[in-house]
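I have a structure I would like to understand better, so I am pasting it below and will then ask my questions one at a time.
The values are calculated or read from the model by the stated rules, or taken from the named source; none is laboratory data. Note that the structure is a prediction, hence the values are computed from the model and not measured. For neighbour counting, all protein chains shown are included, and Cβ atoms are generated from backbone atoms with ideal geometry for every residue, glycine included.
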Amino acid sequence: MIKKISLSTLLMLLVIVAKSQAIDYRFSFLGKYDFTMIGNTMNEFPNGGGGAYCDFLTQTSATLNLSAGQNIEAAYLYWAGSGSLTQADLDIKLNGNTVSVDRTFTVTMGSSPARPTFGAFSDVTALVRATGNGIYTVSDFDLSAVIPPYCSTGGNFGGWSILIVYEDATLSNNLVNIYDGFTRLDRNDPNVAIQLNNLNVLHLVGNKIAFLSWEGDVGNSQDEELRINGTLVSNPPLNPADNVFNGTNSFTGSDELYNMDMDYFNINDLTNIGDNSLLIELQTGGSFSTFSDAVILNNIVVVLNSEVADATIEIQHAIGDCDDRDISIDYTVSNLIATDILPAGTPIAFYADTTLVGTSATVSDIAIGGTETGGTITITIPDTIPVNFDLIAKVDDDGTGNGIVIEFNENNNTDQQQIRLRFTPVFNEPQPLVLCDANDDGEVLFDLDIAGQQIIGGQNFVNIRYYESMTAAQNGTPFITTPNSYPNTSPTQTIYARLDDGTGCFIIDDFTIQITPPQNLAYTIPDMISCIDGPNETGIITDLTTQNNFVLNGANPTDYTISYHLSEAGARQGNAIINTPTNYPNIQSPQTIWVRMIDNQGCVQVGSFILEYNLNPVVSNQIFENCSFSEYTTYNLPDINDEIVANVTGLDFSYHLTHLEAENDENPLPLNYNNTSPDQVIFVRVETADGCYSISEVTLTTLILHEEIQNLFQQCDDPTRINDEKSTFDLTTMNPDITNALGGTNFTITYHTSIENAQVGTGAIQNPTEFMNTSNPQSIYARATSSDGSCGGTAEFEVEVLRVPEFEMPPYIAFCEDEERIYQFEENFVTYTWRDAEGNVVGNSAMVEFQNEGMHTLEVTSNVNACPAIRKVEVIFDHSATIMDIKVDGNTVSVFPAGGEAPYQYSYNNGLTWHDYFILDNVPSGVHSMLVKTKYGCISEAKLFGVLGIPNLITPNGDGYNDYWEIRALEMYPDATIKIFDRYGKMFMDRKMQTNFRWDGKYLGNPLPSGSYWYIITIEEGKSISGHITIRNR
């Protein structure tokens, strides 16, 4: 019975989707096993925000109390707390024994601020087995210096737990799986999903799951959930559905395991028989929860009731004679690692590599730990399977890779052996081995294995030996002992080869070896006919290796060695060699040279060519001069031939741009050639009938007439605008200057904007009498041609637009009727000319007196040049407005002017502020002086008006404040009358008001009672003001 299973054996896939250090598979136990947990917190009270609790116990205890017959199989200690791994206390003690750390964990909680936490693991099986039941104490666990920064946010915690797996013979068979990691849940990562695959739920009794977690809070239940296979899990009252991680211990029933949880849950109703996966979903808070419970998941334990078989198989085999593909197989099936029987009829499949070649099945039920022997089967291996293959037997396989029995381990069902069938090798006919006789002596060393590789081909497990006779091959002796360096005994010879498969199956056949003497080249090497300067045709130093490419005739030079010889025999035998082929002086002209070419296999070819020298023609360098408008013209190149050589008879001339092209006789120039640069040098190849040539350098020069006219063609810019440096020129006025400069007559002259266009006669200015310049100054190029076809020339001159003075005038100059009509222009120029609308001059200085209205112009010149500038200005004679009426309505004043140019502006404070609208609101009480200003600034005579200021309170108590009722601006209304009466209509005053009106609140000499009174002031007929006044006599 297996007790502990590795990850690779279990083939358990654990998928976790969350941030943090992922929960992962660690241990499995199969058999009569169960588990429990003990542990304790290092927090004496729950932690909480604001640093309510910030102490740390360094020692706590817990009790293990297993029942009789429950034997400890494994014990694992976990501890965790606040702080990073560098701050962690990893040197704790268990019952006074120092604990060694096997693994550590870490994760950071929160984000503002982020706080690291740690965890640790140790295998304490030996210690717990030795101790057994009793009190377990963890000591020397001190984080007192670490936790203060965590207390303010309630993140201070610490604790320990021991997970104990025990065996109990009274239990049913269970599978106990243990997983651990350090996965966080908080408001930043509120959800974790864990899926356990490759499980097999066989029973719905005794299945459970347990968790060890840290930092859960009893007082923080923000939608905290645990779901298994989609079902919300709880264990009230200890673990309510909305606060599963709340500092509780399901094993003891305690709810004071502050900031850690050791809880388990029954999952019988959460699974179904046949389920092969388990989905665990954990949630803390929500996406928008400010007070989410922060939880760290440390380990998970799953217990499944498991009664399963586990089939394995072992095989032995036997093979037959040569080319026999039948195999006899004996096999044994076992059910060793199991908790249930392996039923009869369990299928068995046999494979050759991946091909199904046979099937069988078990005969009887195989008990737990039992074996079924005596199985046998004979199978025929298909011809498509190679002679060497893996024979694979797989129990619980119906031939399609699928089983019918639920097993503990689905990956230990196979056994395999490597098979090699006996066979007669195939003799593949090789190519004859042909080697060359480099010395022409009739003997060469052969490598017979070259043919052997062709004979064997792609066959595996085949041996080969070589013999000089069939008898020797049949007897297997004597064989050729040095097949890699075998000397032939005749020019053409038969060799016998014997192939066997290593098991006694063989075949014999023969092949041929042959030597080849030196051969003549199948192509002709071109002769070396060279040209020289000078009278001698022998003793000329020649580099014979320049013939190498012709000798190779396209072959790869790395495959051959080339040498040069004075005779054919020397070339065939490799002697009479020319030792300095790159520096060989010929001994006659013409002379025959022999070539030997040997390849990397020693094969020799020979050939020859003629070495001959001829004399080059004698040439001289020349200058070829032609007439042109520019540095470019057309040359008839053959005109220079007679200057290059003394006698052109029998010579061929070609013309080239470069010396290299002339050397190679490439890219000849046309006979009528246009030069591409001034004083261009071309190269003339002069060649004799036998191919000897010399090269002459010829310089192509041109006669060019070009003049620069110094006189500028100047015009003023438009006087009425800002300078744009543009003007229209009549270029033909320059014709006499151009004719005189070029010293000719009867020229036809065209104008151009570039020297290039002028030189070639293209791009002429279409209307030279109305040319608008595009830059300032701008160069113009004239082309002059003569009617008799003689050389003309080009001339260059500049057109320039002179700048005019720049100034601005106001849109108008306005005068009122009482002003002098004199205007002072403030800018300084040399001359001033003022003209009226009829063009009459009205002034010649910066100051001018206008006699009439209307449009005028000012023309000025500066000391830069004589170019004038002209600007227009309108002169306006305006009149002041007359205020016809002012109407006052409370604090709103309306003004009615006439005369002068509208629009008007209005001021009641002597021009301090002006208003654009004739109705003025919120005018303060008092006497004011109204002014009206016209569009052009002429101001009217002032007109007085009054805005009455009427108080609404008097206190006639003699204290000097508000003792009298006085009305401001009353002087503007001398005919005003007033009535005063109380709320019952009793009249106390009805009389005409005077400019010095004041009332002391008395009637008939007696003070009126305190209270509100009403008044009506009639300003003029049909216009009155009414209101109330309050009298206070105290």
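In the list Thr373, Thr400, Thr424, Thr378, which residue meets the criterion of being surrounded by 13 or more Cβ atoms within 10 Å (Cβ to Cβ) and of a type in the set (Ser, Thr, Tyr)?
Thr424
I'd like to verify a number: residues in segment 26-65 that are within 19 Å of Trp214 (Cα to Cα), modelled with pLDDT under 90 and in a strand (DSSP E or B), how many?
Matching residues across segment 26-65 total 1.
Now a separate question. Looking at Pro670, Pro617, which is the one that is farther than 30 Å from Leu521 by Cβ and modelled with pLDDT of 95 or more?
Pro670
Here's something else I'd like to know. For segment 559-588, which positions are free of Cβ contacts under 8 Å to residues at least 24 places away in the same chain and in a helix (DSSP H, G or I)?
Ala569
Hey, any hits in segment 293-304 for a residue that's under 54 Å from the mean Cα position of the chain (by Cα), in a loop (DSSP other than H, G, I, E, B), at pLDDT below 90 and crowded, with 16+ Cβ neighbours inside 10 Å?
Checked segment 293-304: at least one residue is under 54 Å from the mean Cα position of the chain (by Cα), in a loop (DSSP other than H, G, I, E, B), at pLDDT below 90 and crowded, with 16+ Cβ neighbours inside 10 Å.
Related question: Looking only at residues in segment 851-900 that are in contact (Cβ under 8 Å) with a residue 40 or more places away in the chain and acidic (Asp, Glu), which one is nearest to Phe829 (Cα to Cα)?
That would be Glu859.
Residue by residue through segment 616-633, note down the ones that are in contact with a Phe, Trp or Tyr (Cβ under 7 Å, 6 or more places away or on another chain) and not in a loop (DSSP other than H, G, I, E, B).
Phe624, Asn626
From the list Gly230, Gly247, pick out the single residue that is in the same structural domain as Ser172 (by TED's automatic domain parsing) and surrounded by fewer than 16 Cβ atoms within 10 Å (Cβ to Cβ).
Answer to the check: Gly230.
Restricting to segment 885-903, name every residue that is part of a strand (DSSP E or B) and either acidic (Asp, Glu) or not assigned by TED's automatic domain parsing to the domain that holds Asp921 (or both).
Selection gives Asp885, Asp889.
If you don't mind, another one. For segment 701-713: of the residues being touching a helix residue (DSSP H, G or I) at 6+ places or on another chain (Cβ under 9 Å) and not acidic (Asp, Glu), which is farthest from Leu637 (Cα to Cα)?
Phe713
Within segment 857-866, is there a residue that is farther than 30 Å from Gln715 by Cβ, at pLDDT 90 or above and not in a strand (DSSP E or B)?
no
Please note which strands (runs of 3 or more DSSP E) are completely contained in segment 306-363 and include at least 1 residues that are of a type in the set (Gly, Ala, Ser), surrounded by fewer than 19 Cβ atoms within 10 Å (Cβ to Cβ) and at pLDDT below 85.
312-319
Turning to a different aspect of this structure: Within segment 445-539, considering only strands (runs of 3 or more DSSP E) that don't extend past its boundaries, which have at least 3 residues that are over 30 Å from Val618 (Cβ atoms)?
463-467, 492-500, 506-516
Look at segment 635-652 and say how many of its residues are in contact (Cβ under 8 Å) with a residue 12 or more places away in the chain and either among the basic types (Lys, Arg) or assigned to a helix (DSSP H, G or I) (or both).
The number of residues fulfilling the criteria is 7.
Quick one: is Thr739 at pLDDT below 90 and hydroxyl-bearing (Ser, Thr, Tyr)?
The answer is yes for Thr739.
I've got another one for you. Confirm whether Thr284 is modelled with pLDDT under 85, of a type in the set (Ser, Thr, Tyr) and over 22 Å from Asn191 (Cβ atoms).
In short, no.
Continuing with the same structure: Looking at segment 660-693, which of the residues that are aliphatic (A, V, I, L, M) and over 55 Å from the mean Cα position of the chain (by Cα) is farthest from Gly650 (Cα to Cα)?
Leu671
Among Tyr655, Tyr613, which is the only one that is over 30 Å from Ala782 (Cβ atoms), part of a strand (DSSP E or B) and under 60 Å from the mean Cα position of the chain (by Cα)?
Tyr655
All but one of (1) over 27 Å from Asp269 (Cα atoms); (2) part of a strand (DSSP E or B) hold for Glu167, so report the exception by its number.
The failed condition is (1).
To keep it simple, each residue is scored yes or no on (1) polar (S, T, N, Q); (2) surrounded by 12 or more Cβ atoms within 10 Å (Cβ to Cβ).
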residue	(1), (2)
Tyr496	no, yes
Ile525	no, yes
Gly534	no, no
Ile541	no, no
Gln547	yes, yes
Val551	no, yes
Ile562	no, yes
Pro581	no, yes
Pro585	no, no
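Collect the residues in segment 904-945 that are touching a Phe, Trp or Tyr at 6+ places or on another chain (Cβ under 7 Å), part of a strand (DSSP E or B) and either in the same structural domain as Ile1017 (by TED's automatic domain parsing) or more than 30 Å from Ile1029 (Cα to Cα) (or both), keeping them in residue-number order.
Gln905, Tyr906, Ser907, His915, Met930, Val932, Lys933 - these are the residues of segment 904-945 that are touching a Phe, Trp or Tyr at 6+ places or on another chain (Cβ under 7 Å), part of a strand (DSSP E or B) and either in the same structural domain as Ile1017 (by TED's automatic domain parsing) or more than 30 Å from Ile1029 (Cα to Cα) (or both).
Given the criteria more than 60 Å from the chain's Cα centre (by Cα), in a strand (DSSP E or B), aliphatic (A, V, I, L, M) and surrounded by 13 or more Cβ atoms within 10 Å (Cβ to Cβ), does Ile780 qualify?
no
How many residues, within segment 425-438, are at pLDDT 90 or above and either under 30 Å from Asp321 (Cβ atoms) or in a loop (DSSP other than H, G, I, E, B) (or both)?
Going through segment 425-438 one residue at a time, the tally reaches 8.
From the list Ser630, Ser608, pick out the single residue that is closer than 30 Å to Cys436 by Cβ and surrounded by 15 or more Cβ atoms within 10 Å (Cβ to Cβ).
Ser608
Shifting gears a bit: Go through (1) without any contact (Cβ under 8 Å) to a residue 24 or more places away in the chain; (2) out of contact with any strand residue (DSSP E or B) (no Cβ under 6 Å at 6 or more places or on another chain) for Ala318 and report which single condition fails.
(2)
Does Ile135 satisfy the condition of being assigned to a strand (DSSP E or B), crowded, with 22+ Cβ neighbours inside 10 Å and more than 46 Å from the chain's Cα centre (by Cα)?
Judged against the criteria, Ile135 is not a match.
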